[in-house]
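Comments concern the structure below.
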Protein chains: 2
Amino acid sequence: MESKQLLMEKIRCGEMKSPTSGLASGFTQANLVILKKAFAFDFLLFCQRNPKSCPVLDVTDVGSAFARKFAPGADVRTDIPKYHIYKGGTFVEEVTDITEHWQDDMVAFLLGCSFTFEEALLANGIGIRHNEEGCNVPMYRTNIPTEPAGIFHGPMVVSMRPIAKDQVVRAVQVTSRFPDVHGGPVHIGDPDFIGISNMDEPEYGEAVSIQEGEVPVFWACGVTSQSVALASKPDLMITHAPGHMFITDVKNEMLGIL
Amino acid sequence: MESKQLLMEKIRCGEMKSPTSGLASGFTQANLVILKKAFAFDFLLFCQRNPKSCPVLDVTDVGSAFARKFAPGADVRTDIPKYHIYKGGTFVEEVTDITEHWQDDMVAFLLGCSFTFEEALLANGIGIRHNEEGCNVPMYRTNIPTEPAGIFHGPMVVSMRPIAKDQVVRAVQVTSRFPDVHGGPVHIGDPDFIGISNMDEPEYGEAVSIQEGEVPVFWACGVTSQSVALASKPDLMITHAPGHMFITDVKNEMLGIL
């Protein structure tokens, strides 16, 4: 706990600005999406209708920067290494603190992140290729429609991990235990079937190698929420910077359903 | 399917006004809560924060009476045997059709119902006492606080089923497979511990016998949402009449997480 506390202090004061992958081992990390109250119902409804892409871990009260359930002592305005600010659907600025951008009608949504199920896969002897190759997970836009809600609509974005053929069933079992961090895969094996024509050119992240005896396995990805939200061009939206997650007080294993 | 279709037609035309327990076997039945848009974000957030009591199955678009995911062809204004109408938190009327009460800013929420997990318990050889005794399930107000959201707050209501000591573990396993219909129990064995002082006097439903070698097992109950919503005295709220549920097109087993 000491090291997590120290880490959180360094993030809060702006000293620590790096990606959070592998840090505070065992603690759930979360995606952050901040929108104004006027968009909050539609966004929460979108998440409710698309739980595999957008699993909601916590939602702050309107105007509150505190996530009571997942990190009651943390301030979502300062306790993430880097933020992205979007206006009218366009990226305008990267900052390490959003205190001056905060408004009284804002609502912060914490969504589940695949780091949690990757830790579970590793604990089950299933390697994570993008970690092995030292890059970001490859993410692809698919032809899988999301369920629209109010102003929000668009295709599902998925992340891909190559899995050895004799570990695919176990990978499905392990990740199905964690529906709050995307749960089981949405597809196994055939990129074309879900509208991915070129595995070498992911829309987000970086391509990884798929080796002999492995199949590509696809999980719904939290980037779906950002891509869908930006397409609706809200006047102001704030998110974490990719890979720079919100570290919560909840242990990964607490999200296991059984 | 023929008999379900006939049943739905009888419900729609007002001919069938009885409780739905045991009807359309295998199909998920749902609780209905209709509120105006002004209350919809707070209510959806309350459900998100209290998923054991208020598991959301589907939410209609604002002003739409059609639940696209769970029963796309059914109309929530006509396809339930009986409705209760509440004004300012007070019950005012029981009707078989709410078409004339419908307004363009209404949102209908379908919440999971314990009928689904009771079917799973029965399939596992675990009897349902209130069915055996031909009465409604006993429901009790507890000292377990819900997580408030906006105007909504109040204690959790639970339902109780006596379970034989050698079936308690299996009952936990079976119901944990169905988080969208309240999931695993919230408490096993000690009513006092959760603030229930008199098992003979449930706040809702009817008391049932607890036999030698059985323990009372408590599950979060969807009545929580109604009791919390009514306490906030919305100007207009419409629900199903107790026991007269909305029969959806989704099979119970489809709600199993594994």
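Taking a ≥ b ≥ c as the square roots of the eigenvalues of the Cα gyration tensor, segment A:152-234 is classed as oblate, since a/c reaches at least 1.5 and a/b does not exceed b/c. Pop out a list of residues from segment B:144-165 that are at least 40 Å² less accessible with all the protein chains around than in their chain alone; 1.4 Å probe, no ligands or nucleic acids counted. At a threshold of 40 Å² (probe 1.4 Å), none of the residues of segment B:144-165 becomes less exposed by that much. Close amide-amide hydrogen proximity is noted between A:Thr28 and A:Thr248, A:Val250, A:Lys251, A:Asn252, each under 5 Å apart and 5 or more residues distant or on a separate chain (H modeled in the peptide plane; Pro and chain starts excluded). Would you mind classifying segment A:189-258 by shape? Square roots of the alpha carbon gyration tensor eigenvalues, ordered a ≥ b ≥ c; an a/c under 1.5 is rounded, otherwise it is prolate if a/b is larger than b/c and oblate if not. Oblate, since a/c reaches 1.5 and b/c is not below a/b.
5 Å is the cut-off here: which amide hydrogens, built 1.01 Å from N in the peptide plane, fall below it relative to A:Gly183, excluding neighbours closer than 5 in sequence? Correct list: A:Phe178. Compute the helix-to-body angle for A:37-49: its Cα long axis versus the longest principal axis of chain A, expressed 0 to 90° and rounded to tens. It works out to around 20 degrees. Ranking B:Thr99, A:Thr78 from most to least accessible surface, computed with a 1.4 Å probe over the protein chains only, gives B:Thr99, A:Thr78. Partner lysines whose Cα lies under 28 Å from the Cα of A:Lys82, excluding those fewer than 8 positions away in the same chain, are identified as A:Lys4, A:Lys10, A:Lys17, A:Lys36, A:Lys37, A:Lys52, A:Lys69, A:Lys233, A:Lys251.
In segment B:21-45, which residues have a backbone nitrogen under 20 Å from the label point lying 7 Å from A:Arg68's Cα in the Cα-to-Cβ direction? So the set is B:39-45.
Rolling a 1.4 Å probe across all protein chains gives B:Glu206 an accessible area of roughly 90 Å². Summing both sides, the accessible surface hidden between B and A at a 1.4 Å probe radius is close to 2000 Å². Rounded to the nearest 0.05, the FRET efficiency derived from the C-beta distance between B:Ile257 and B:Leu122 at R0 = 25 Å is 0.85. Here the alpha carbons of chain B define both size measures, Rg and Dmax, at 17.5, 54 Å. Have a look at segment A:21-45 and report residues whose accessible surface goes down by 50 Å² or more when the remaining protein chains are included, against the chain on its own, probe 1.4 Å, ligands and DNA/RNA excluded. Going by heavy-atom accessible area, the residues of segment A:21-45 that drop by at least 50 Å² are A:Phe41, A:Leu44. In the neighborhood of A:Leu57, defined by Cβ-to-Cβ distances under 10 Å, what is the net charge if each Lys or Arg adds +1 and each Asp or Glu adds -1? Taking every other residue near A:Leu57 into account, the sum is -1. Along segment A:117-131 the Karplus relation, 6.51 cos²θ - 1.76 cosθ + 1.60 evaluated at θ = phi - 60°, assigns HN-Hα couplings of 6, 5, 4, 5, 4, 4, 5, 9, x, 9, x, 10, 4, 5, 6 Hz to successive residues, with x for each Gly and Pro. Counted by Cβ distance under 10 Å from B:Leu258, the other residues give a net charge of +2, where Lys and Arg count +1 and Asp and Glu count -1.
Order B:Thr116, B:Thr96, B:Thr90 by their accessible area, 1.4 angstrom probe, all chains in place, largest first.
Sorted descending by solvent-accessible area, the residues read B:Thr90, B:Thr96, B:Thr116.
In the complete set of protein chains, residue-level accessible area for B:Val92 is approximately 80 Å², probe 1.4 angstrom. Residues in segment B:190-201 carry Karplus couplings, in order, of 10, x, 3, 4, 10, x, 9, 8, 9, 5, 7, 10 Hz; the curve used is 6.51 cos²θ - 1.76 cosθ + 1.60 with θ = phi - 60°, and Gly or Pro positions show x. Take the Cβ atoms of B:Ser197 and A:Lys17, set R0 to 51 Å, and the FRET efficiency comes out at 0.40. Taking chain B as a whole, the Cys residues whose C-beta sits 4.7 Å or farther from every other Cys C-beta are B:Cys13, B:Cys113, B:Cys135, B:Cys221.
For segment B:85-99, backbone phi angles converted through the Karplus equation (6.51, -1.76, 1.60; θ = phi - 60°) give residue-by-residue couplings of 10, 10, 10, x, x, 10, 5, 10, 6, 10, 9, 9, 7, 10, 3 Hz, Gly and Pro being listed as x.
What are the trypsin sites (Lys or Arg not before Pro) within segment B:1-49 that DSSP puts in a loop, where the Cβ has at most 14 other Cβ atoms within 10 Å?
Of the trypsin sites (Lys or Arg not before Pro), the ones in loops of segment B:1-49 whose Cβ has at most 14 other Cβ atoms within 10 Å are B:Lys17.
Accessible surface calculations at 1.4 Å, restricted to protein heavy atoms, place segment B:115-224 at 44 Å² per residue.
Summary of the geometry: segment A:198-258 and segment A:166-196, compared by the centres of their Cα atoms, lie 14 Å apart. If you take all other residues with their beta carbon under 11 Å from the beta carbon of A:Pro185, and give Lys and Arg +1 and Asp and Glu -1, the sum is +2. In this entry, the protein assembly as shown is assigned a mean projected area of 25.1 nm², taken as a quarter of its C-alpha convex hull surface.
The values are calculated or read from the model by the stated rules, or taken from the named source; none is laboratory data. Source: prediction; values computed, not measured. Reconstructed Cβ throughout: ideal geometry from the backbone, glycine too, with neighbour counts over all protein chains shown. Note: accessible area is taken over every heavy atom of the protein model, side chains too, but ligands, DNA and RNA are not part of it. Shrake-Rupley method; radii C 1.70, N 1.55, O 1.52, S 1.80 Å.
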